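J.: Can you read through this structure? Questions will come right after.
The values are calculated or read from the model by the stated rules, or taken from the named source; none is laboratory data. Quick caveat: nothing in here was measured; it's all calculated off a predicted structure. Note: ideal-geometry Cβ built from the backbone for every residue, glycine included; neighbour counts use all protein chains shown. To get the accessible areas, we keep the full protein, side chains included, count just its heavy atoms, and leave off ligands, DNA and RNA. Shrake-Rupley method; radii C 1.70, N 1.55, O 1.52, S 1.80 Å.
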Amino acid sequence: MISFFSEKLTEWYAANKRDLPWRKSDNAYKIWVSEIMLQQTRVDTVIPYYERFLEAFPTVYHLAAASQQEVLKCWEGLGYYSRGRNLHHAAKMVVNDFGGKIPSSYEDITTLKGIGPYSAAAILSIAFNKRFAVVDGNVIRVMTRYHGISEDIRKNSTKKWVQELADELIDDKHPGDYNQAVMELGALICTPRNPLCEKCPVSQNCISFMKMETDIIPYKSPSGKIPHKEIAVGLIVNEKNELLIALRPNDSMLGGLWEFPGGKREKNETLRETVIRELKEELGVDIEVYSKYQDLKHTYSHFKITLHAFWCRIRNGKPKARASQEIIWVSLDNVDQYPFPKANRTLLNNLKKLEDHNLKRFIER
Ligand code: SF4
């Protein structure tokens, strides 16, 4: 039997849903791409990436046949790069092991890299109309408020409780619409701050609304302080006015992306000492450090960094890829074909603003 919650919500969704590109198709591949991109990322940010990605890789066959560098270049700037690497890996699995068809059973789809319970439930319900309830941040907020659950949402027991409630409430006939409706309500009406309860289709049965507790539910215990890392990198320039860049190992954070060589400052070390030590360890060379070029700040999900970039020149030795997959020399004119993480890309964009692209002047004394 359809519940009050489910009925009201899906009616509201039909009349109020946003016109988003992935809602125009029931193609499982396109839905899969959208669900992976939407993890931890805002809808507005995802739209242009989604459109570009599907233009470059319109089918799972195109994605499977692409190189990892092509995929990461398309993903550049979207963050959480393991999603792109896993999607690419999984596309090859779909082609090789499932005849090019996205699996429609929970057992099979969760064998694909990067597809956990949330993505599986989303793809199976939206693309295949299967009864699996999704639970993400929006759903947790709607469910805890609607049911008046004041327990800490960081606890696994609370998440499990929410999942059980979501499994009970899901609409049998239209599970995909139901899932999207709860997430849409969380995004548009049941917002983290100042929810628009007067416009909410389920307010008459919402416990937090009735008890005026929407400002204290959901409860999330404070997180610890976010660590901050100081990273020092070398802008190493050669005689041909080229920069040395390194390809990060695939199994590391930001794996498969390029960067300027360098690393984390150790205790009691100056930033110059960090660059000298890191470049010796990573490339096996002795360097001369010239001036500081720039400091850039960037925030990842679990830590923050300040990236300090120094102009450097090799004094001794031939650089080798000791800590990376590969190293190459590249000119500013050719660097855009390579994918870089955000802070490195900002650095490059700033370098490209230099009038004549003459980098050598920074290492001339
Ligand atoms: S009534 Fe308010 S708090 Fe309750 S589900 Fe609707 S928007 Fe959220």
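J.: Among (1) under 19 Å from residue 275 (Cβ atoms); (2) open to solvent by 40 Å² or more (accessible area, probe 1.4 Å), there is one condition residue 342 misses while meeting the rest; what is its number?
T.: (1)
J.: Is it the case, given these coordinates, that residue 187 is within 16 Å of the ligand (Cβ to nearest atom) and under 30 Å from residue 87 (Cα atoms)? Even if it seems obvious, please write down each step before you answer.
T.: Details: within 16 Å of the ligand (Cβ to nearest atom): yes; under 30 Å from residue 87 (Cα atoms): yes.
When the stated conditions are applied, residue 187 passes them.
J.: Ok, one more. Taking region 316-335, which residues are farther than 18 Å from residue 240 by Cβ and not in a loop (DSSP other than H, G, I, E, B)?
T.: 316, 326 - these are the residues of region 316-335 that are farther than 18 Å from residue 240 by Cβ and not in a loop (DSSP other than H, G, I, E, B).
J.: Sticking with this one: Restricting to region 209-218, and then to whatever is surrounded by 15 or more Cβ atoms within 10 Å (Cβ to Cβ) and either outside any loop (DSSP other than H, G, I, E, B) or among the aliphatic types (A, V, I, L, M) (or both), can you tell me which residue is nearest to the ligand (Cβ to nearest atom)?
T.: 209
J.: Based on this model, can you work out whether residue 241 counts as at positive phi, open to solvent by 30 Å² or more (accessible area, probe 1.4 Å) and among the polar types (S, T, N, Q)?
T.: Working: at positive phi: yes; open to solvent by 30 Å² or more (accessible area, probe 1.4 Å): yes; among the polar types (S, T, N, Q): yes.
Taking the combined requirement at face value, the residue satisfies it.
J.: Of the residues 6, 25, which single one is surrounded by 14 or more Cβ atoms within 10 Å (Cβ to Cβ) and small (Gly, Ala, Ser)?
T.: On the way: 25 fails: surrounded by 14 or more Cβ atoms within 10 Å (Cβ to Cβ).
Within the list 6, 25, the selection yields 6.
J.: Separate question: For region 244-259, what are the residues that are open to solvent by 30 Å² or more (accessible area, probe 1.4 Å) and in contact with a Gly (Cβ under 8 Å, 6 or more places away or on another chain)?
T.: 248, 249, 250
J.: What are the pairs, 6+ residues apart or on separate chains, where a residue within region 193-208 that is in a loop (DSSP other than H, G, I, E, B) has its Cβ under 6 Å from a residue that is near the ligand (Cβ under 6 Å from one of its atoms) and modelled with pLDDT of 95 or more?
T.: Every condition considered, the pairs that remain are 195/214; 196/189; 200/189; 206/146.
J.: Quick one: which residue in 287, 276, 327 is in contact (Cβ under 8 Å) with a residue 60 or more places away in the chain and among the aliphatic types (A, V, I, L, M)?
T.: 327
J.: Another question about this same structure. Please return the ranges of helices (runs of 4 or more DSSP H) entirely within region 56-129 where 1 or more residues are more than 21 Å from the chain's Cα centre (by Cα). Walk me through it before giving the result.
T.: Working: elements: 60-65, 68-75, 81-97, 106-109, 117-128.
Those helices (runs of 4 or more DSSP H) span 60-65, 81-97, 106-109, 117-128.
J.: State which residue is surrounded by the most Cβ atoms within 10 Å (Cβ to Cβ) when the search covers only region 152-166 and only residues that are in a helix (DSSP H, G or I) and touching a helix residue (DSSP H, G or I) at 6+ places or on another chain (Cβ under 9 Å). Reasoning before the result, please.
T.: First pass over region 152-166, keeping only residues in a helix (DSSP H, G or I): 156-166.
Going one step further and asking which of them are touching a helix residue (DSSP H, G or I) at 6+ places or on another chain (Cβ under 9 Å), we end up with 158-159, 161-163, 165-166.
On the way: 158: 20, 159: 14, 161: 17, 162: 23, 163: 18, 165: 19, 166: 21.
For region 152-166, the residue satisfying everything is 162.
J.: Out of 296, 347, which single residue is assigned to a strand (DSSP E or B), in the same structural domain as residue 254 (by TED's automatic domain parsing) and surrounded by 15 or more Cβ atoms within 10 Å (Cβ to Cβ)? Spell out the reasoning first.
T.: Working: 347 fails: assigned to a strand (DSSP E or B).
On inspection, the qualifying residue turns out to be 296.
J.: In addition: Could you identify the single residue in 169, 196, 188 that is crowded, with 19+ Cβ neighbours inside 10 Å and of a type outside the set (Val, Ile, Thr)? Step through it out loud before you land on a result.
T.: On the way: 196 fails: crowded, with 19+ Cβ neighbours inside 10 Å; 188 fails: crowded, with 19+ Cβ neighbours inside 10 Å.
The match here is 169.
J.: Go through region 100-143 and give me each residue that's out of contact with any Phe, Trp or Tyr (no Cβ under 8 Å at 6 or more places or on another chain), hydroxyl-bearing (Ser, Thr, Tyr) and in contact (Cβ under 8 Å) with a residue 24 or more places away in the chain.
T.: 118
J.: Before we move on, is residue 141 within 22 Å of the chain's Cα centre (by Cα), over 16 Å from residue 36 (Cβ atoms) and at pLDDT 95 or above?
T.: Values: within 22 Å of the chain's Cα centre (by Cα): yes; over 16 Å from residue 36 (Cβ atoms): yes; at pLDDT 95 or above: yes.
So residue 141 passes the test.
J.: Going through 41, 59 one at a time, which residue ends up being more than 20 Å from residue 256 (Cβ to Cβ) and either open to solvent by 20 Å² or more (accessible area, probe 1.4 Å) or without any contact (Cβ under 8 Å) to a residue 12 or more places away in the chain (or both)? Write out each step before concluding.
T.: On the way: 41 fails: more than 20 Å from residue 256 (Cβ to Cβ).
None of the other options fit; the residue is 59.
J.: If I filter region 270-282 for residues that are among the acidic types (Asp, Glu) and outside any helix (DSSP H, G or I), do I get at least one hit? Outline the logic, then answer.
T.: Taking region 270-282 and keeping what is among the acidic types (Asp, Glu), we get 273, 278, 281-282.
Among the residues that remain, those that are also outside any helix (DSSP H, G or I) are: none.
Scanning region 270-282 turns up no residue that is among the acidic types (Asp, Glu) and outside any helix (DSSP H, G or I).
J.: Among the listed residues 43, 71, identify the single one that is of a type in the set (Val, Ile, Thr), under 25 Å from residue 176 (Cα atoms) and at pLDDT 95 or above.
T.: Values: 71 fails: under 25 Å from residue 176 (Cα atoms).
The unique qualifying residue is 43.
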